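Chemist: Dropping the structure in here first, questions after.
Just so it is clear, none of the values below were taken in a lab; they were calculated from the coordinates. Just so it is clear, the structure is predicted and the values come from calculations on it, not from any experiment. All Cβ positions, even for glycine, are placed from backbone atoms using ideal geometry, and neighbour counts span all protein chains on display.
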Amino acid sequence: MIITNSTIISWAEISPIILNKDVVILEDKIIEIDDHEKVLKKYPGEPIFDAGAKILMPGMICAHTHFYGLFSRGLNIPGTSPRNFTEILNKLWWPLDSSLEIEDVKYCALVCLIDAIKHGTTTLFDHHASPNCVEGSLDAICDAFYQTGVRGIVSYEVTDRYGDLGTTQSINENSRIIKKIETIEERQRLVNASFGVHAGLTISNKTLELIKANLPKGHGIHIHVAEDASDEEDSIKKSGLRVIERLEKYGLIGKDSILVHGVHLNDKEMEIIKEKEAWITHQPRSNMNNAVGIPDIEKMLGLGIKVCLGNDGFSNAMWDEWRTCYLVHKIEKRDPQSMKGNLITKIAIENNSKLATHLFKNQLIGKIQPDYQADLILVDYQPITEMNKNNLPWHILFGFRDSMVTHTMVKGKWLMKDREIVGLSENEIYVKALELSKNVWKRYQSKF
């Protein structure tokens, strides 16, 4: 396929904006970027797609999300509303995740992935929990990725909340899906896996030992860390160590580890993360919603920590996450110079791309360059001021809207064309999800 007549936002370091060039895609990869006439001569007979003067750019990446939380939308929490993070877990998320059955899990994923396609998000790292249907739950989510064509990373949250059996089942689910995916050739993979862990506050020292013993080579944990002060307090009570120190003691911090939130990390913990080359993901909308605080992301970036951007289960409209990140740090520090636009792109573009590429190993993700995966979107944005490499982040922050995404492609295959989802019936999926949600809500309400 030859994509012509677009302004290319490549996110390449030297030439982030490319004009008057065509992009050549063969199978799942970008092969070449060159002048129109040269491309036509070199690839005769190749289908031509006219981008209609839109912006062609890499699809967005969400470094941490929770599909399973979908049915919380509009859910009535019995009694008084939660007053703190611990009550949010006890009154909302834990009764909800334990109300899910396998079919619910799949439809939560399907709806979230359709939302991702429509908003130009082409890679998502899901962190799953469904304690009453652990075995096979990651297969259901993988099926949703395959059915929609979106790229993803799956994991299951290991927790001690449901006794020894629940702990064993969740460890086994991570191990099983990792082994299953490893049977697929790396360059062909649409889905990969990490080893999920809920958070230190629901994990014993014994379970940390089990996780380390069962962690496959070349994989790391995907875990919430220091999201709330209660996580640090719990860790000190259990071990005399702070969250990151405790995880390091059990050999669970490394270059494959995804550490989520990090709101209450101290300097020593940040140094450990830097030294071990682990990844941090930032979810500002969630931090605001849960009133847990805002992490010092600029300090982490200054130390050289690889900070990425996720959404923690909020909508897959990642530009909303960009804008929230841009604004909330300013009010947090009362400093209009805080969290500049170029830092947003470092987190959401550069680091998210590096993380996805790291976990998919033999697939380059997140740029429009030769040999990179053809995970692309078209955006109907007409600049009314000059757009260049120096001001590009601010054009996106203040000009781009998710409704401007018209086309979405993953691995060279169109998943949405002219705002119409390809190969799926949105309505049928939504109707089924609504039907399933009613039973989930009944099961949830029965727990009070």
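Chemist: Helix 267-276 versus the longest principal axis of the chain: what is the Cα-based angle in degrees, 0 to 90, to the nearest 10?
Modeler: On a 0 to 90 degree scale, this one is about 60.
Chemist: While we're on this one: For a quick check, take a GNM of the chain with Cα springs below 10 Å and name the residue from Ile114, Ile429, Ile347 with the largest mean-square fluctuation.
Modeler: Sorting by GNM fluctuation, first place goes to Ile429.
Chemist: Compute the acute angle (0 to 90°) between the alpha-carbon long axis of helix 163-181 and the principal axis of greatest extent of the alpha-carbon atoms of the chain; round to the nearest 10°.
Modeler: Tilt of helix 163-181: around 20 degrees.
Chemist: Further question: If you average the alpha carbon positions of region 179-221 and of region 375-448, how far apart do those two centres end up, in angstrom?
Modeler: Result: 29 Å between the Cα centres.
Chemist: For the pairs Lys91/Lys340; Lys91/Lys206; Lys91/Lys346; Lys118/Lys306; Lys206/Lys276, flag any whose C-alpha to C-alpha distance is greater than 31 Å.
Modeler: Details: Lys91/Lys340 37 Å; Lys91/Lys206 27 Å; Lys91/Lys346 36 Å; Lys118/Lys306 28 Å; Lys206/Lys276 23 Å.
Pairs exceeding the cut-off: Lys91/Lys340; Lys91/Lys346.
Chemist: Once the piece of chain linking Glu135 and Asp50 is laid out straight, how much longer is it, given 0.36 nm per residue of separation minus the C-alpha distance between them?
Modeler: Numbers: separation 85, 0.36 × 85 = 30.60 nm, distance 4.54 nm.
So the chain would gain 26.1 nm between Glu135 and Asp50.
Chemist: Greater than 26 Å separation of Cα atoms is the criterion. Which listed pairs, Lys179/Lys238; Lys217/Lys237; Lys255/Lys367; Lys106/Lys442; Lys106/Lys411, meet it? Don't skip to the answer; put the middle values down first.
Modeler: Details: Lys179/Lys238 32 Å; Lys217/Lys237 30 Å; Lys255/Lys367 22 Å; Lys106/Lys442 19 Å; Lys106/Lys411 22 Å.
Violating the 26 Å limit, Cα to Cα: Lys179/Lys238; Lys217/Lys237.
Chemist: Net charge around Thr167, counting only other residues with Cβ within less than 14 Å of its Cβ (Lys, Arg = +1; Asp, Glu = -1)? Can you show the working numbers first?
Modeler: Values: positive: Arg161, Lys206, Lys212; negative: Glu135, Glu157, Asp160, Asp164, Glu173, Glu209.
That sum, taken over residues with Cβ under 14 Å, equals -3.
Chemist: With the cut-off at 1.5 for a/c, could you classify region 60-360 from its C-alpha gyration tensor as rounded, prolate or oblate?
Modeler: Working: a/c = 1.21, a/b = 1.12, b/c = 1.07.
In terms of gyration-tensor shape, rounded.
Chemist: List the residues, sorted by chain then number, that are 5 or more residues from Lys29 or on another chain and whose placed amide H is less than 5 Å from its amide H.
Modeler: Here Ala374 satisfy the definition.
Chemist: Roughly how far apart, in whole Å, are the Cα centres of region 299-343 and region 1-42?
Modeler: Here the two parts' Cα centres lie 30 Å apart.
Chemist: Right, another one. Given R₀ = 22 Å, what would the calculated FRET efficiency be for Arg401 paired with Leu327, taking r from the Cβ atoms and rounding to 0.05?
Modeler: Numbers: r = 16 Å, r/R0 = 0.72.
Approximately 0.90, to the nearest 0.05.
Chemist: Please give every one of the aspartates and glutamates within straight-line cross-link reach of Lys249, meaning a C-alpha to C-alpha distance under 13 Å, and leave out same-chain neighbours fewer than 8 residues apart.
Modeler: Within the straight-line cut-off, Lys249 pairs with Glu209, Glu269.
Chemist: May I pose another question? Exposure proxy check: Lys438, Lys212, Lys346 ranked by fewest other beta carbons within 10 Å? Don't skip to the end; give the middle numbers.
Modeler: Details: Lys438 9, Lys212 13, Lys346 18.
Starting with the residue having the fewest Cβ neighbours, the order is Lys438, Lys212, Lys346.
Chemist: Only bridges whose two residues both fall in the chain count here: according to DSSP, what percent of them are antiparallel, nearest 5? Write down the numbers at each step before the final one.
Modeler: Values: 23 of 56 bridges.
Bridges in the chain that DSSP calls antiparallel: roughly 40 percent.
Chemist: Could you list Met288, Met300 in order of exposure, starting from the residue whose Cβ has the fewest other Cβ atoms within 10 Å? Please list the in-between numbers first.
Modeler: Values: Met288 15, Met300 20.
With the fewest neighbours first, Met288, Met300 line up as Met288, Met300.
Chemist: Next question, about the same structure. Which of Glu275, Glu386 comes first, and how do the rest follow, when ranked by fewest Cβ neighbours within 10 Å?
Modeler: Details: Glu275 13, Glu386 8.
By the 10 Å Cβ count, ascending: Glu386, Glu275.
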